[in-house]
1. Quick one: which residues, 5+ away or cross-chain, put their amide H under 5 Å from the amide H of Ile87? H built at 1.01 Å from N.
2. Considering all projection directions equally, how large on average is the shadow of the alpha-carbon convex hull of region 126-282, in square nanometres?
3. Would you mind calculating the gained length between Asp236 and Gln12 on full extension (0.36 nm times residue separation, minus the Cα-Cα distance), in nm to one decimal?
4. If eta is 1.567 mPa s and T is 4 °C, what Stokes-Einstein diffusion coefficient results for region 298-365, Kirkwood Rh from Cα pairs, in µm²/s?
5. Can you list the equivalent-ellipsoid semi-axes of region 1-89, largest first and in whole Å, using the square root of 5 times each Cα gyration tensor eigenvalue?
6. Could you tell me which residue out of Ala53, Gly166, Gly98 lies farthest along the dipole of the chain toward its positive end? Charges go on the beta carbon: Lys and Arg +1, Asp and Glu -1, centred on the Cα centre.
7. Provide, in order from the shortest bin, the percent of all Cα-Cα pairs of region 159-245 in each 10 Å bin, continuing until the bin that contains the maximum pair distance.
8. Which percent of the Cα-Cα distances in region 217-314 go past 16 Å?
Amino acid sequence: MNPRTLETTPKQDGFRMPAEFEPHEKCWMLWPKRPDNWRLGAVPAQNAFAATARAISAFEPVVVGVGQDQLEPARQMLHSEIEIINIESDDAWMRDVGPTFVKNDAGEVRGVAWQFNAWGGHKGGLYAPWDTDEKIAQQVLAHEKKVRYRAPLILEGGSIHTDGQGTLVTTEECLLNPNRNPDMSRAEIESHLKAYLNVETIIWLGKGVYMDETDGHVDNLCCFIRPSEVLLTWTDDPSDPQYSISCDAFERLSRATDAKGRKLAIHKIHQPGPLFMTETESLGILPVPGTAHRKTGTRLAGSYVNFYMANNGIIFPLFDDPRDTYALEQFKSLFPDRTVVGVEAREILLGGGNIHCITQQQPQI
Ligand code: KQY
């Protein structure tokens, strides 16, 4: 059954996108399976997804959408507390293909369904077709009996972060990329963000993390951790291509004021690595024409910023890297009221994203 679709916008109806650090009803995920993106038939990735779901489920309910042919293995691998529902998908990035939830002051929750073209369609996108992914937001909303807004632009949830108080941060590399909405100007894109997320101030960063195949999703680079405070991925190494990207983001954030007129406190978190795909890893991925091929030695877009803020918890990626220990300590000091849990996430990174990309929070009513 399709969710009821409105012709109005969330702004017109008094709905806004809450920040991720606000209370959640539950967390949504999908189940990975495609062998041309995940090595060894996706089994190592499935283990990492299951560990992520388990870690989040200690703080809030988790629902995982699983394709019909994977229902049995997923049931075996996912902890019994995790709800499984049948949702078919092209891949497993709920952040990008799921709805963005919006909420009003009375506590009603609705969903925005964006258009999706697999991160660039036929101009640099990562796979085709993507029509099964396109239908996921409406299935989630139908399951939750939530009303839907259908936004008139291509956008992935990983390309935006909000403070829930009228400010949004995004990147030019992604949102202004001609492979998303080539006929829209920056002003038109801003006007859709304002209408569908009910924000007033948009902070434009330049590029996303070096070699990020999403064309620079902000969720790998920078996020709000509370109102007027952001966390930015960083490197101290001026010879690393990430250095100038992070310096530019730092300068833009330093100049910015949020929707309430506040300056931002900017916390830097040092990136892991740099990390690269090994030969063993790349050989485990099935090469298929039409799908982005992953080669040995490719630099991976590893970042601790790609973490999930659960109710009273922080679930962050571990990379088997010396920086993991510093990241853990930093998360603990940034979030003294939350329990910080690391999850081994290299297998998720090998698929092109991380913990934030595979999750989508549904706000509490
Ligand atoms: O950054 C994200 N939100 C998603 C990453 C998707 C990678 C697809 N291979």
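Coordinate-derived values only; no laboratory data. Everything quoted here is computed from the prediction, not taken from an experiment. So basically every Cβ, Gly included, is an ideal-geometry build from the backbone, and we count neighbours across all protein chains shown.
1. Val66, Gly67
2. Values: hull surface 46.1 nm².
Quarter of the Cα hull surface area: 11.5 nm².
3. Values: separation 224, 0.36 × 224 = 80.64 nm, distance 4.47 nm.
Between Asp236 and Gln12, full extension yields an extra 76.2 nm.
4. Working: Rh = 12.5 Å.
It diffuses with D of about 104 µm²/s by this estimate.
5. On the way: eigenvalues 167, 59, 32 Å².
Listed largest to smallest, the semi-axes of region 1-89 are 29, 17, 13 Å.
6. Of the listed residues, the answer is Gly166.
7. Bin by bin from 0 Å, the calculated values are 17, 47, 30, 6, 0.
8. On the way: 3075 of 4753 pairs.
More than 16 Å apart: 65 percent of the Cα pairs in region 217-314.
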